[in-house]
Every structure is written in C-alpha cells, then in structure tokens.
Amino acid sequence: MRKRHLILCFCLLLALLPSACIVQTTLPSDGSTPLALTPGTLVTINPEFYELIQSLPTELAEDAGDAPILITPAALQTESDSEATESTPTISPTPQTEVCGRSDALTLLILGIDENAQADAIRLARIDFSKPEINLVAIPRDFFVSVVGFEKYGIEKGRINATFGYGEYFLGAGNGAKSLAENLAYNFGVEVDHEFVLHLAEISGYIDAIGGVQVTLDAPVSDAQNYFPAGVNQFDGERAVAFMRIREYDSDFRRIDRQTMVLKALFDKVRSGLLPAKAFNLIVALLKDDTTQSDLTLSDLQSFYCLSQQIDKQDIHVREIPGEMFHTYITPGGGWVLIPHAEVPDFIRGTLTNSPQ
C-alpha cells in the first residue's frame, strides 16, 4: 500500500502540475445579474442532529440563511433542459491516436485537504490520451450548492468543500472524496472517474525532501502571520504551505493561484533533475505518507507518468471559472459564500474538453 502511495504522488506531480499552463485569472463581479432558476430556501438542521454537528471539530453545516441556489442541479433538470444539454460537447472524445498504450480519456478529481477535514483545494482534470491533452478547472471551495446524500441529517445546502467533511464524518473515513464527487455530479453534471486526495500539510515534507522550491512574485503577499516580498522567494516546506494557505486580504481565487505557483515550482524542481540524495529523500517522504487516498490503479499511474514525458506544454490548460458567473453572498450568520450562476455547469464541462463557453 505504501509503495502505491509513492507511485501515485510522484506520477501525479509530474503529470498534473505543469511547468507551463494557460491560466485565466478572474475576480468575482459584484455587479453581475444571475439567472435564478431554483428558488432559495432556508438551511435547516434537524433538532436531534443540531447538537451533534455543533460538537464536531470543524463547522460542517453552513448557516446560509435564505441564500438562493442559482443553478439547476443536473439531477433535477427538466426534460427540455436535458434535450438542450444534448447539444453541448461531451467529455468522451472519439479515440484518434494512441499514446502510452492508451487512447481513452478520464476525469480525475484532485483534492487538497486542510487540517479541518475540508477540501481547501478542488480541481477537476480531464486527461485525454487520444489528443493528447490535459485540461484542469479549479472549483471555488466556497460555492454554495444543493447538497445530496445527507438529507437525513438535515443538511440540504452548503459549501461544496464541506461535502468532503460530511462524507468522512457521517459515512466513515475514506468516503469524503466520493461524497464530494457525487455532489459535483449532482450540481454541475460532471461525472468523476477517479479521485485523488492529498492532505496539504504533507506537501511540506515533499518540498523539504528536495531542498525547497523557488517562487517569484510580481507583488508582495501577506496575512496577519506571514509576509512574502516581491521577487524571488526561496521556500522550505513550512513556508511554502503557509504561502498556499493565505486567506486574508484577498480571495479564494488568489489562493488558487498561489497553490498553482507552489505546485508548479515543485514540478519544475522534479523535472529539472534531482541529485540522487534529494531524490532518495523525496522517496522516503512519500513512503511515510499514509494519508493519500486514491482509487487509481498501478496501470493508470504508469500511463500518467508516460504521458507527462510526451505531452507538449501548450496542450496543458488550467482555467478558473469567470467572475461574472457567480456572486458573493453574506449569510445572516456572517458566513461568506459564492452563489454560482446558471452557466457554470456548461463552462465546467466545456473547459474539460478545452471548449469553454
């Protein structure tokens, strides 16, 4: 099992964290007008479960008040909606060529989990061996959506990142990724083939094992505890994770950018060639990691590594959902969430086929 963790982490770092990506950076548009398709309702928690949820180590239930859900979950689409959807591009391409012994495509859910068992980083990756091409889209952790699978606990709406914690707590350890995948499918119509879960704290050990990473900033970045100056920054593991986790003074979208920068730097360091001692240190760090979860097979991992050596950099794309497709909402309890608009599902599906709307 530990050997599988090693190969899994190593191959995904090489295959899915490109050294050159096409990145679209957007900010939320406060003045945008959403298309409200599904009326909002109050978030309610059954009395018998309220005390239980309050006692959890992390806030699993979001007090969202009357925040509306402004998309129609895929599972609730009407017949006419379904007919309209048939004209949108699918995410199952017709095989054209074979690369690394494969001509198929798969959708991978990649999660970075924080210390509170919630998904701090959510990304969908479409890996297409027939083109070959890799497309990634970042899902904002604060998207407020309809939640399925936990109705008996009185949880019907909440942040998408919290569905990982719900799965781990109510369904048992190891069920968080599946729960989040089911809720992505329900709300956005994207079926996930495999999941990969990495606890963000573990990245510190990987970075230290290779002697740190170098990140160049165009402008200073800071929060109440940390300051990162403009220019070249040499990060050890602890410093890199602190940089990735900054949440103050800007937005979730800037945090997504910072995570990408660190992972890109880690990828560059590994690809540029490591001294034998540092490569050994990385292997040891990966072997010690018992927190990584995935249902990928050894064959999948071998083909990912093969693809990482053959794919052109211009065929790896990373995108963010445009700011005009959602807006912010402050709940009566003071919670800050994002309300996705009706066009978000089509944008996500289109991005995964490199044909965003």
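Here, each number is a calculation from the coordinates, and none is a lab measurement. Because the structure is predicted, anything quoted here is derived from the model rather than measured. All Cβ positions, glycine included, derive from the backbone under ideal geometry; neighbour counts span all protein chains shown.
Just so you know, in segment 100-109 the residues that are in contact (Cβ under 8 Å) with a residue 60 or more places away in the chain and not in a strand (DSSP E or B) include one that is farthest from the chain's Cα centre (by Cα), and it is 101.
Selection over segment 110-157 of residues that are under 21 Å from residue 71 (Cα atoms), in a strand (DSSP E or B) and in contact with a helix residue (DSSP H, G or I) (Cβ under 9 Å, 6 or more places away or on another chain) gives a count of 8. Hey, does segment 198-206 have a residue that's part of a strand (DSSP E or B) and either crowded, with 19+ Cβ neighbours inside 10 Å or of a type outside the set (A, V, I, L, M, F, W, C) (or both)? Yes - at least one qualifying residue is present in segment 198-206. Hey, residue 186 hits all of (1) closer than 22 Å to residue 353 by Cβ; (2) crowded, with 23+ Cβ neighbours inside 10 Å but one; which does it fall short on? Of the numbered conditions (1) closer than 22 Å to residue 353 by Cβ; (2) crowded, with 23+ Cβ neighbours inside 10 Å, the odd one out for residue 186 is (2).
Once segment 110-131 is narrowed to residues that are crowded, with 21+ Cβ neighbours inside 10 Å and over 12 Å from the mean Cα position of the chain (by Cα), the residue that is nearest to residue 341 (Cα to Cα) is 126. For segment 217-231, state whether one or more residues are in contact with a strand residue (DSSP E or B) (Cβ under 8 Å, 6 or more places away or on another chain), part of a helix (DSSP H, G or I), under 20 Å from residue 121 (Cβ atoms) and of a type in the set (Val, Ile, Thr). Scanning segment 217-231 turns up no residue that is in contact with a strand residue (DSSP E or B) (Cβ under 8 Å, 6 or more places away or on another chain), part of a helix (DSSP H, G or I), under 20 Å from residue 121 (Cβ atoms) and of a type in the set (Val, Ile, Thr). The number of residues in segment 140-192 being more than 26 Å from residue 350 (Cβ to Cβ), of a type in the set (Asp, Glu) and in contact (Cβ under 8 Å) with a residue 40 or more places away in the chain comes to 2.
Report whether or not residue 191 is under 30 Å from residue 104 (Cα atoms), of a type in the set (D, E, K, R) and assigned to a strand (DSSP E or B). Judged against the criteria, residue 191 is not a match.
Condition first: closer than 14 Å to residue 196 by Cα and β-branched (Val, Ile, Thr). Now tell me which residues in segment 97-144 satisfy that. Hits for segment 97-144 are 107, 110, 113, 122, 127. Quick check on my filter: what residues within segment 320-341 are touching an Asp or Glu at 6+ places or on another chain (Cβ under 6 Å) and either under 16 Å from residue 187 (Cβ atoms) or surrounded by 21 or more Cβ atoms within 10 Å (Cβ to Cβ) (or both)? Across segment 320-341, the qualifying residues are 325, 337, 338. Taking residues in segment 299-317 that are touching a residue at least 60 places away in the same chain (Cβ under 8 Å) and surrounded by fewer than 18 Cβ atoms within 10 Å (Cβ to Cβ), and partners anywhere that are part of a loop (DSSP other than H, G, I, E, B) and among the polar types (S, T, N, Q), the pairs with Cβ atoms closer than 8 Å and at least 6 places apart or on different chains are 313/19.
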